[in-house]
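Quick one: structure below, then a few questions.
Please treat every number below as a calculation from the coordinates, not as lab data. Computed from a prediction, not measured in an experiment: that's the story for all the values here. Neighbour counts run over all protein chains shown; Cβ positions are idealised from the backbone, glycine included.
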Amino acid sequence: MRDLIFANAQKNPVAPWLQPLWDSMDFNQIPHAILLHGQSGIGKFEFAVTLAKFLLCEGPRAGSGPCNQCEACHWFDSGNHPDFIGLVPETHRKLLPHADYEADEIPRKGKAVREDSDGEASEKKEKKNISIEEIRSAIDNLSIGSHRGGNRVIFIYPLEMLRPDAANTLLKSLEEPPSNTIFILLADRVDRVLPTIRSRCRLLTAPRPERVQGLSWLQDQLAQLAGLKVSDADIASIYDEQGGAPYSVLNSLIARNNKDEKDDLTIAIQASRYLLQSMSQGGRINWLDAAEKTHKAQYSFLLAAMQRWTSDLQAVSQGGNPRYYPKHLATLKGLSQSSHTPKLHLFWKSLVQARRHENHPLASRIQLEALLSQYQQVFEGQ
Ligand SMILES: [Zn+2]
């Protein structure tokens, strides 16, 4: 989802209420240090990322933004531009352009849910500070020329969270700025930034949008995120709760949506576990109870579990090995001895049929009861 925001941001990089600020900039005379400040969650971060990309872009300078075509833009978008140094806490790293690892993360989804408690603990441990080591190594490397011979951008957020030692290191290089190096510094609270740092920067104030403008931008963004259904009244009340910061609202709505997804998955995992326990009882299955305990889970998830189990049962009946549940070989063997092969085959067909109509988000209890009672009959009369 974060990637989605970034993709949207690339298409329409500067929020409309920040456009006048962008237009006011003289890109032929960029100061060596810019301090962009303003309320948190109004799009400063995204603005600054676009600015960094533009300063590194090697395309024709005709437009007023990055060309999105040149090699430098591609490097930047994939998080690989060697002359872009982003110093942000771990909590914000995902907001910087990065390679798309989405595909790698999907298989870990189920695992993450099962290890819920560990996952949440480590999330809390995420560093909220930028370490002195990071600042120092970034600044030490400035003595070497830029990799591509053009500009080099050092991006720091949130500036007010720098510890004094790190701030002093930064201050020294602001006093003697290396050539072709532009510092883009971001602060939510400019009053907490060292005055000595502030005085060496061009200050840019990012305004908060008018309520109407902010809300309409937010609705546009939400319209592009399929599956995120929030009523206008809810949007407006969250908007006011978040102090009129549209990006904060968008992030919190997305986080809330992801949490719902995660809850759904937990329910589905627990339900399919219960379902398998019940099915391992064969003819003694209490199908009413099993349907009762599992029908609140996603239907497709339950059907998939039933299919895996039945497929293993068929394999074992034919003298083969279970593919999905090898740990339950003994149970499957026992069940296969008391199962009626043609009925088992018919049951499999019913499952395949049911999968064609699985688009209902939740299983209907009646459908589940019918399937599970059919399963029981596979073992009857043996
Ligand atoms: Zn470019």
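Stretch SER131-ALA233 to full length: gain in nm at 0.36 nm per residue minus the Cα-Cα span?
The SER131-ALA233 span can extend by a further 32.6 nm.
Sticking with this structure for a sec: Would you please calculate the Kirkwood hydrodynamic radius of the stretch 222-298 over all C-alpha pairs and express it in Å, rounded to one decimal?
Computed over Cα pairs of the stretch 222-298, the Kirkwood hydrodynamic radius comes out at 15.2 Å.
Sticking with this one: Search the structure for amide H atoms under 5 Å from the amide H of LEU203, placed 1.01 Å from N in the peptide plane, and list their residues when 5 or more places away or on another chain.
LEU35
If each of HIS98 and ASP260 carries a label point 7 Å out from its Cα toward its Cβ, how far apart are those two points in nm?
Label-label distance for HIS98 and ASP260, simple model: 2.5 nm.
Given springs between every Cα pair under 10 Å in a Gaussian network model of the chain, which of ALA271, ALA72, ALA304 has the largest fluctuation?
Judging by the Gaussian network model, the answer is ALA304.
In whole percent, what relative contact order does the chain give with Cα contacts below 8 Å and a gap of six or more residues? If you can, show how the numbers build up before the last one.
Details: 478 pairs, mean separation 66.4, N = 382.
Rounded, it is 17 percent for the chain.
Further, regarding this structure: So for the stretch 204-361, what are the equivalent ellipsoid semi-axes in whole Å, largest first, each being the square root of 5 times an eigenvalue of the Cα gyration tensor?
Whole-Å semi-axes of the equivalent ellipsoid: 50, 14, 13.
Another question about this same structure. Given a 10 angstrom Cα cut-off, can you work out which residue in PRO195, PRO97, PRO246 is the most mobile in a GNM of the chain?
Checking each option, the largest mean-square fluctuation is seen for PRO195.
Please state the charge dipole magnitude for the stretch 202-361, taken about the Cα centre, from unit charges on C-beta atoms (+1 on K and R, -1 on D and E), reported in debye and rounded to the nearest 20.
Computed charge dipole of the stretch 202-361: roughly 900 debye.
With every atom except the alpha carbons ignored, what do you get for Rg and Dmax of the stretch 141-228, in angstroms?
Spelled out, the Cα radius of gyration and Dmax of the stretch 141-228 are 17.9, 51 Å.
Still on this structure, please answer the following. Which percent of Cα pairs goes in each bin when the distances of the chain are cut into 10 angstrom slices starting at zero?
Reading the bins upward from 0: 4, 19, 22, 17, 12, 12, 9, 4, 0.
Quick one: among SER272, SER131, SER338, which has the greatest mean-square fluctuation in a GNM of the chain with alpha-carbon springs under 10 angstrom?
Its mean-square fluctuation being the largest, the pick is SER338.
Within the stretch 221-269, list the trypsin sites (Lys or Arg not before Pro) lying in a DSSP loop whose Cβ has at most 10 other Cβ atoms in a 10 Å radius. Kindly include the intermediate steps, with their values, before the conclusion.
Working: sites: LYS229, ARG256, LYS259, LYS262; in loops: LYS229.
Sparse-neighbourhood loop trypsin sites (Lys or Arg not before Pro): LYS229.
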